Structure formats: C-alpha cells, structure tokens
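Input: a single structure, listed below in structure tokens.
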Ligand SMILES: [Zn+2]
C-alpha cells in the first residue's frame, strides 16, 4: 500500500493539516469516532466520491472544461482537478502532454 504523508488535505473539511486517521484531520475524525458514525461516514464519502468521479468523467466526455464542470457540480475547481487526476491515475481518461508535464511525468 502507498504510504501517504501525514500532512495533507482532510477528506471531510478539505483543510490541509495533520491527518489523524482514515484520511481525516483530528477535528473531523474524533467526533465521528466518538459518535460511532465513522464507518458510516467513510462509506457515504466513498459513494459520493465514486458518484462524483462518474459525473466528472461524463462531463469531460461531453467536452466541458474543469471550471464548467466545477460550476455544474457545485464544487470547487480544486475538487474537480483532484477528480480528474484520480480518473487519469485509474486509466479512465487519457493523460494529455500538459497534464503529464504538470504531474512531473514525461510523455511516453
Ligand atoms: Zn477535517
């Protein structure tokens, strides 16, 4: 499994900070853990994430750019940017030469 840095973006509040566990910062993780709703939240989050990825992939196919997709799905452009990167990493959409360059990779 890929080791993730401890200091990164929280999956829930999207603030960059120290990750407590399960991709969540302390102030997101602890109340969920205490209430016993952590597993439910993670399942819902995963479902939302997959749903959003599918929507992003579809809108990209229709020719919308990332800003237009962000507006359409009512999320931040940064969220769409991350979704696009995930879709590329999963091989669901092709890498463009520019995207490869920005990711620090070279075109094959
Ligand atoms: Zn958080």
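The values are calculated or read from the model by the stated rules, or taken from the named source; none is laboratory data. Treat the numbers as computed from the prediction; the structure is a model and nothing was measured. Ideal geometry is used to build each Cβ from the backbone, glycine not excepted, and the neighbour counts take in all protein chains shown.
Would you mind finding the one in 42, 64, 53, 59 that is surrounded by 13 or more Cβ atoms within 10 Å (Cβ to Cβ), within 16 Å of the ligand (Cβ to nearest atom) and assigned by TED's automatic domain parsing to the domain that holds residue 85?
Working: 64 fails: within 16 Å of the ligand (Cβ to nearest atom); 53 fails: within 16 Å of the ligand (Cβ to nearest atom); 59 fails: within 16 Å of the ligand (Cβ to nearest atom).
From the options 42, 64, 53, 59, the qualifying one is 42.
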### Task
Might you check whether a residue that is out of contact with any strand residue (DSSP E or B) (no Cβ under 7 Å at 6 or more places or on another chain), farther than 17 Å from residue 83 by Cα, outside any helix (DSSP H, G or I) and away from the ligand (no atom under 16 Å from the Cβ) occurs anywhere in region 23-36?
yes
### Query
Name the residues in region 5-15 that are within 10 Å of the ligand (Cβ to nearest atom) and without any contact (Cβ under 8 Å) to a residue 60 or more places away in the chain, would you?
9, 10, 11, 12, 13, 15
